[in-house]
1. Go through region 21-50 and report how many residues are modelled with pLDDT of 70 or more and among the polar types (S, T, N, Q).
2. Sort through Ala53, Ala92, Ala58 and tell me the only one that's farther than 30 Å from Val199 by Cα, part of a helix (DSSP H, G or I) and either modelled with pLDDT of 75 or more or small (Gly, Ala, Ser) (or both).
3. So which residues in region 115-129 are among the small types (Gly, Ala, Ser) and farther than 19 Å from Val139 by Cα?
4. Among the residues of region 126-140, are any over 24 Å from Gly55 (Cβ atoms), among the small types (Gly, Ala, Ser) and touching a residue at least 40 places away in the same chain (Cβ under 8 Å)?
5. Select from region 141-155 the residues that are in a helix (DSSP H, G or I), in contact (Cβ under 8 Å) with a residue 24 or more places away in the chain and of a type outside the set (A, V, I, L, M, F, W, C) and list them in ascending order.
6. If you go through region 166-190 one residue at a time, how many are in a helix (DSSP H, G or I) and of a type in the set (Val, Ile, Thr)?
7. Out of region 228-260, which residues are among the β-branched types (Val, Ile, Thr) and either modelled with pLDDT of 80 or more or buried (at least 19 other Cβ atoms within 10 Å of the Cβ) (or both)?
Amino acid sequence: MMRSPNFFAVACRAPNGEIVVQTESVEKTWIGRQKWLKLPLLRGSLALLDTIALGIKAMRFATNVQVDPTKQPGGTVIKEVTKKEKRIQDAAVGGTMIVSLGFGIFIFQLLPNLIAQPLEQLNVGSTGINLVTEVIKVVFFLGYIWGIGHLPDIKEVFKYHGAEHKAINALEANEPQTIESVGNQTRLHPRCGTSFAIVVLMVSFIIFTFVPRYPLGQVFGVFGNAFIRFLLELCILPLISGIAYEIIRAAGKFRHTTFVNTLLYPGLMSQYLTTREPEEKHLEVAIRSLDAVLVAEAARNAA
């Protein structure tokens, strides 16, 4: 999936080997029409919401391509999917995204607080508990990415991720969008979502460590205090994502400076966990997706 200022495109290889592409205006989505969300420090929340919304669309499109009776290998015809079945598929995709989001919030926000909170019974101070909580979050996040990266299907996804980066790097280097040229690029990119997640972790590590842990006092018991802390962090997360997004945005403009490369080094290195060296088939799909948004942008500017 590729996104430009005004469009996003999804390219998917069908079961018969054909690459199917869909391009759509970003402003067609409800989030894309919210101008106030594009203000500085609010753009981080927009980026998160936008990623979720476009992710749902991309998954729905990919699902429809895979079950399309005209896209089967060898001309094999499968049963036409009814409107009711399509609605069920769409609901399943949306439900999967919601469950995944809830799972992520539980694993990377609530559970670390639940694990660290009992330290209060050992007379560990508020800042100490906060510090342990943030360390647990980092370990969980990196461990989760490392773990799923060993699954065969996820390895394939990570190859497409690497192909996306290579295609964008070729574009920004004014290189042609050919298999050879794109394949010679690095699979790392400073504006990657992985870098964004790492910067969010770094900013939250600094801020959450020093935010008072007991805004309402220690009156709810161990697990009650942990849950109150969790709710407090959820309220602060939009600000943290906003700060992280502005850092990533600035990094994209000054990506060749030593200071920026040093600052974003952890995020860049983490991309070795979420990308793999793509093959030609992955590069082809990434190039088609990028070409689609470039054509759409050119047509819009010419109109």
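1. Matching residues across region 21-50 total 4.
2. Ala92
3. Hits for region 115-129 are Gly125, Ser126.
4. Yes, there is a match, as at least one residue in region 126-140 is over 24 Å from Gly55 (Cβ atoms), among the small types (Gly, Ala, Ser) and touching a residue at least 40 places away in the same chain (Cβ under 8 Å).
5. Tyr144, Lys155
6. Going through region 166-190 one residue at a time, the tally reaches 3.
7. Correct list: Ile228, Ile236, Ile240, Ile243, Ile247, Ile248.
Residue-by-condition table, conditions (1) loosely packed, with under 13 Cβ neighbours inside 10 Å; (2) farther than 17 Å from Ala167 by Cα; (3) at pLDDT 95 or above:
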{"residue": "Leu188", "(1), (2), (3)": "no, no, no"}
{"residue": "Cys192", "(1), (2), (3)": "no, no, no"}
{"residue": "Ser195", "(1), (2), (3)": "no, yes, no"}
{"residue": "Pro215", "(1), (2), (3)": "yes, yes, no"}
{"residue": "Phe223", "(1), (2), (3)": "yes, yes, no"}
{"residue": "Ala226", "(1), (2), (3)": "no, yes, no"}
{"residue": "Ile287", "(1), (2), (3)": "no, no, yes"}
{"residue": "Arg300", "(1), (2), (3)": "no, yes, no"}
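The values are calculated or read from the model by the stated rules, or taken from the named source; none is laboratory data. Every value quoted in this text rests on a predicted model; they were computed, and no experiment measured them. Reconstructed Cβ throughout: ideal geometry from the backbone, glycine too, with neighbour counts over all protein chains shown.
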